[in-house]
Amino acid sequence: MSNWYDLLQHVEPLEDLPLDPDLVQSLESDWSALAGCDIPPMHFYTPTFKSCRTSELTDCGSKTWPAVSVTGGDCKLQCDHCRAAILKPMIPARTPEELWRVVNGIVEDGGRGMLLTGGSNRRNEVEYDAYYATIRRIKDTFPDFRIAMHTALVDDDVALSMEQAGIDAAMMDVIGSQDTITQVYHLRRSVDDFEATLESLVKTRMKVVPHIVIGLHYGRLLGEWNALEMLGRHLPDAVVLVVVMPFYASENRPFVTPDTESVGRFFMDARKALPETPLLLGCARPPGIARQQIDAYAVMAGLNGIAHPSDGMVELAARLDRRVRVTPACCSIAVGDEVMAVAGDSAGIELDLEAVLAQERRRRELARVSVTGPGGIRVVARAGAFTAGSDGCRGG
């Protein structure tokens, strides 16, 4: 096989993508060192609280795994990177009774689970106390309904309350820089508080799926490596890596798009620091070329999964001889549902990699065929998207 940088030129969506040759070579060298090891499959998740469609994966619907906020679009912190914008499109459930009605509607629509979150108070705590009895009622009534919860900062007692309510997967942001906590989050809490929360959560029976927001300090990488060390001391079930999206920021506190080469090198460091822990690239990351670069580095760094993969990533994984599975679920709830942390090989739909490559070749051939449409306009024929159940995949 040719070197990886040359191989990238054979993946049509990536052939003109600017990537760092030295970083690609480093990623290839690290991968070569794994020869003979049991390499886990590459999971491509298609979360449904956003739309997802590429030439390789089709939209998986909009109701299977919705996000629900107990505060609607309100958040006291108004962190500089988000300013509560991420909450606004979520389903509001401002009272326990409303949460019960919302979940019944989700179940009636065929939903399998939800992300439960909400805006924080000024101590970076989501005030869930009034909801625990309703969450327990939901789990008792719909035992197969999965709930991933954004916990924010908690202590042992709060973590135990979440476990007893029946939460399947607990999520939190792990921040390793005091400057970031103070300046970006506007928060009078310490790095130690974030590590203590992580410690409290891993003591429970919940699946613990912390997030590292890469570039959280106004687009610069600052405390991410310290966060990795914290995770190494309190090993979770999986880690979700996301990349800050600067378009949520205000004009007077702007963010830059994180340097994608630095992001790729952090992926490599994370893989080395947590070799046995599933690493997932979450759906939050910058759009456009930066997103393609980030996704390509994630595949080459050996991450275990990507939510909302960019065009070409399925083929790239196939060309790197990785087994590929597609799961229509939020990447974090998938861990809570024992998709990756315990029974990853049995989850989702496994794609026949030779069929993926053959279909891409057919798609390109068809794309080169031009016909003349009405009025003399040239029309380029395009092949259909790759869909589960076609001749390129088999049930998992």
For segment 191-204, does any single residue satisfy the condition of being surrounded by 15 or more Cβ atoms within 10 Å (Cβ to Cβ), of a type in the set (K, R) and in contact (Cβ under 8 Å) with a residue 24 or more places away in the chain? no
Identify, from the list E261, E195, the residue that is under 17 Å from D20 (Cβ atoms) and either at pLDDT below 95 or in a helix (DSSP H, G or I) (or both). E261
Pull up segment 272-301, narrow it to residues that are part of a loop (DSSP other than H, G, I, E, B) and under 24 Å from Q25 (Cβ atoms), then point me to the one that is modelled with the highest pLDDT. L274
If I ask for residues that are in contact (Cβ under 8 Å) with a residue 40 or more places away in the chain, within 21 Å of A84 (Cβ to Cβ), out of contact with any Lys or Arg (no Cβ under 7 Å at 6 or more places or on another chain) and of a type in the set (F, W, Y), which ones from segment 219-261 would you list? F255
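Please pick out the residue among L231, L221, L279 that is out of contact with any Phe, Trp or Tyr (no Cβ under 9 Å at 6 or more places or on another chain), crowded, with 17+ Cβ neighbours inside 10 Å and on the phi < 0 side of the Ramachandran plot.
Numbers: L221 fails: out of contact with any Phe, Trp or Tyr (no Cβ under 9 Å at 6 or more places or on another chain); L279 fails: out of contact with any Phe, Trp or Tyr (no Cβ under 9 Å at 6 or more places or on another chain).
Only one candidate qualifies: L231.
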May I ask you to list pairs of residues, at least six apart or on different chains, whose Cβ atoms are under 8 Å apart, with the first in segment 149-175 being of a type in the set (K, R) and the second being modelled with pLDDT of 95 or more and crowded, with 20+ Cβ neighbours inside 10 Å? none
Sole residue being part of a helix (DSSP H, G or I), loosely packed, with under 15 Cβ neighbours inside 10 Å and either out of contact with any helix residue (DSSP H, G or I) (no Cβ under 8 Å at 6 or more places or on another chain) or among the hydroxyl-bearing types (S, T, Y) (or both), chosen from D6, D16: D6
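The values are calculated or read from the model by the stated rules, or taken from the named source; none is laboratory data. Because the structure is a prediction, the values reported are computed rather than measured. Methodologically, a virtual Cβ is constructed for each residue, glycine included, from the backbone with ideal geometry; neighbour enumeration extends over all protein chains shown.
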